[in-house]
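S.K.: Please find one structure pasted underneath; my questions will follow.
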Amino acid sequence: MAALMTVRGSFPVIRRLVSVQHLHKWCSSRVQKAPLVYTPLSYNVSVIHQHRFFRTSYAAAGPILQFKLSDIGEGIMEVTVKEWYVKEGDRVSQFDSICEVQSDKASVTITSRYDGVIRKLYYDIDSIALVGKPLVDIETDGAGEQTPDQDVVETPAVSLEEHTHQEIKGHKTQATPAVRRLAMENNIKLSEVVGTGKDGRILKEDILNFIARQTGAILPPSPFHEIQPPPPAPAAVAKPKEIRPSPSIPAPVAPRPVFTGKDHTEPLKGFHKAMVKTMSAALKIPHFGYKDEVDLTQLVRLRSELKGVSESRGVKLSYMPFFIKAASLGLLHFPVLNASVDDACQNITYKAAHNIGLAMDTPQGLLVPNVKNVQMLSVFEIAVELNRLQSLGAAGQLGTAELTGGTFTLSNIGSIGGTYAKPVILPPEVAIGALGKLQVLPRFNAKDEVVKAHIMNVSWSADHRIIDGATMCRFSNLWKSYLENPGSMVLDLK
């Protein structure tokens, strides 16, 4: 009985079986008892089908490499995954953003080392990722990529403030991680969206308008729903009462609300976890406090005169640059407040640089970036740096460089509210000041006349192991004199 054989083999073998003669010879050498029945039509269909099958399988093959989380420095062994810029099945190129992670010091963006397709994500949003463990699996393109037998080199973490632009087909698009994620979830290429924000930045509204214009799709509502009151119980529904003669009117019965909320527990992560560690160390410091009030009437007048000049240079001028510069001038006379002590409190180190920190309320929590080398900066230069730090803090992009190396701290609690505070020293520093809100209050002048004065209260905390009350008081008086008579600062400026 004649038999028809379907030939299967590797791609090079099929290429050698292009002609009918080669196919007949190859099959005859392997099948002795089954003669080959050949019809041109069935052979052509079979060869074409097999050719397509082998060609597709060969192109899809590629090594799958584990992309591991690299060491991002500062002794950090774990981070929190905050944003995924890719999902399984997405194609990536070298230097494309993969995800944003957050340590207890800063946020960084991880980029790809390979060209290929994402096959597996090892972590969910807000999960803890360990340094040295796989982050994603990438199926690389072709045989020219690095083989699994070779060492896989992880992509170094890139500071978020250094990676604010995303390259898409040769065009730079500016968008926040939340906007990128919204575009990714709706399969939208940012290069096709026209940004209406500053400098062409793509906003969330641009993505929503693009979706409505192109597809007419309606995005699902935000997961943060308003808490709706429970429906009234059936017994609470008012019913018409029969009119009956009654000697007394019954008291109305209010329906009992049904509360359906549940408690939830979540682990401390990121900056909150770092605050636990820092404040626990701060409790080992014996604090003492000192408070005073400062008359800023002359400074208010000076700042109003310089505000227009500063804004003409593109910089917003607040009172904080004056507070910081006055503190630096005071530290030159009292260097012990710009020092640190070792854990055993056996040695004291006097810091040459005045890296004055500013406690800042950000969407990520309390952060303390610092202005480096204040002793070498003018008031205007300090204002420029403060503008930069505040912009980074509002965007959640403060990095390790801005958050480390502080030697002295001022906390402007008055920008939110409050008059007095009890600030906690930020180790390894030895002093900190909290500034209250600026108030217009009546005060007596030199002629015993009641005048309107701009008063601010300040609260100092110092490490009582190396700083005594007299030193703290003298420093506060000098700092106060610079602010109450801002013209005297000119004498000591360098």
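S.K.: Only residues of region 375-398 count here: report those whose backbone N is under 20 Å from the spot 7 Å along Cα→Cβ of V309, or say none.
M.R.: Answer for this model: 376-387.
S.K.: Per 0.36 nm of contour for each residue apart, how much would the distance between N209 and S481 grow if the chain were fully extended, relative to their Cα-Cα spacing? Walk me through the numbers on the way to the answer.
M.R.: Working: separation 272, 0.36 × 272 = 97.92 nm, distance 5.61 nm.
That pair, N209 and S481, stretches by 92.3 nm at full extension.
S.K.: Around F408, which amide H atoms from residues at least 5 apart in sequence, or from another chain, sit under 5 Å from its own amide H, with H modelled in the peptide plane?
M.R.: N355, G357
S.K.: Next question. So between Y420 and K262, what do we pick up on full extension, going 0.36 nm a residue minus the alpha carbon distance?
M.R.: Using 0.36 nm per residue and subtracting the Cα-Cα distance, I get 53.2 nm.
S.K.: Residue by residue through region 480-486, what is 3J(HN,Hα) from phi via Karplus (6.51 cos²θ - 1.76 cosθ + 1.60, θ = phi - 60°)? Round to whole Hz and write x for glycine and proline.
M.R.: For region 480-486, the Karplus-derived couplings read 5, 5, 4, 7, 6, 10, x Hz, x marking Gly and Pro.
S.K.: Separate question: Let me check I've understood the local charge: for G330, count other residues with C-beta under 12 angstrom from its C-beta, Lys and Arg +1, Asp and Glu -1. What total comes out? Kindly include the intermediate steps, with their values, before the conclusion.
M.R.: Details: positive: K325, R474, K480; negative: D492.
Local charge sum for G330: +2.
S.K.: Rounded to a whole number, what is D in µm²/s for region 325-370 from Stokes-Einstein with the Kirkwood radius over alpha-carbon pairs (20 °C, 1.002 mPa s)?
M.R.: For the chosen part, D equals 173 µm²/s.
S.K.: Extension gain S340-V490, at 0.36 nm per residue separation less the Cα-Cα distance, in nm?
M.R.: Here the answer is 51.1 nm.
S.K.: Still on this model: Return the sequence-ordered ³J(HN,Hα) values of region 120-126 in whole Hz as given by the Karplus equation 6.51 cos²θ - 1.76 cosθ + 1.60 applied to θ = phi - 60°, using x for Gly and Pro.
M.R.: Listing the rounded values in order: 7, 9, 8, 9, 8, 4, 6 Hz.
S.K.: Modelling each spin label as a point 7 Å along the Cα-to-Cβ direction, I'd like the D199/V451 distance in nm, to one decimal.
M.R.: So the two model labels end up 4.5 nm from each other.
S.K.: At a Förster distance of 60 Å, what's the computed FRET efficiency of S191 paired with L366, Cβ-Cβ distance as r, to 0.05?
M.R.: Values: r = 38 Å, r/R0 = 0.63.
After rounding, the FRET efficiency stands at 0.95.
S.K.: When the solvent-accessible surface of protein heavy atoms is calculated with a 1.4 angstrom probe, in what order do K480, K422, K437 fall, highest first?
M.R.: K422, K437, K480
S.K.: Taking a 27 Å limit on the Cα-Cα distance, which of the listed pairs K307/K351; K351/K494; K105/K262 fall beyond it?
M.R.: From the list (K307/K351; K351/K494; K105/K262), the Cα-Cα distance tops 27 Å for K307/K351; K105/K262.
S.K.: Two decimals is fine: what's Rg over Rh for region 370-443, C-alpha atoms, Kirkwood radius as Rh?
M.R.: Rg/Rh: 1.00.
S.K.: Can you check what the net charge comes to around V309, using other residues whose Cβ is under 15 Å from the Cβ of V309 (Lys, Arg +1; Asp, Glu -1)?
M.R.: Numbers: positive: R301, R303, K307, R313, K316; negative: E305, E311, E381.
Around V309, the surrounding residues sum to +2.
S.K.: Another question about this same structure. Taking the solvent-accessible surface of protein heavy atoms with a 1.4 Å probe, what is the per residue accessible area of region 65-133 in Å²? List each step's numbers first, then the result.
M.R.: On the way: 3020 Å² over 69 residues.
Value for region 65-133: 44 Å² per residue.
S.K.: Which order do S112, S191 take when ranked by solvent-accessible area (1.4 Å probe, heavy atoms of all protein chains), largest first? Could you put the intermediate results ahead of the total?
M.R.: Values: S112 0, S191 40 Å².
Ranked list, largest accessible area first: S191, S112.
S.K.: If you rank Y482, Y350 by how much accessible surface each has, with a 1.4 Å probe, what is the order from largest down? The partial results should precede the final answer.
M.R.: Numbers: Y482 10, Y350 130 Å².
Descending order: Y350, Y482.
S.K.: Output wanted: per-residue J couplings in Hz (rounded whole) for region 280-289, from phi through Karplus 6.51 cos²θ - 1.76 cosθ + 1.60, θ = phi - 60°, x for Gly and Pro.
M.R.: Ordered by residue, 3J(HN,Hα) equals 5, 5, 5, 5, 7, 8, x, 7, 9, x Hz.
S.K.: Any idea of L283's accessible area? Nearest 10 Å², probe 1.4 Å.
M.R.: About 150 Å², rounded to the nearest 10.
S.K.: On to the next question. For the pairs K82/K277; K284/K437; K273/K437; K422/K447; K316/K480, note any where the Cα-Cα span goes beyond 26 Å. Each step should come with its number before you reach the end.
M.R.: On the way: K82/K277 21 Å; K284/K437 29 Å; K273/K437 29 Å; K422/K447 35 Å; K316/K480 23 Å.
Table pairs above 26 Å Cα-Cα are K284/K437; K273/K437; K422/K447.
The values are calculated or read from the model by the stated rules, or taken from the named source; none is laboratory data. Note that this is a predicted model, so its numbers are computed, not measured. Virtual Cβ from ideal backbone geometry, glycine too; neighbours counted across all protein chains shown. In case anyone asks, the SASA skips ligands and DNA or RNA and just uses the protein heavy atoms, side chains included. Shrake-Rupley method; radii C 1.70, N 1.55, O 1.52, S 1.80 Å.
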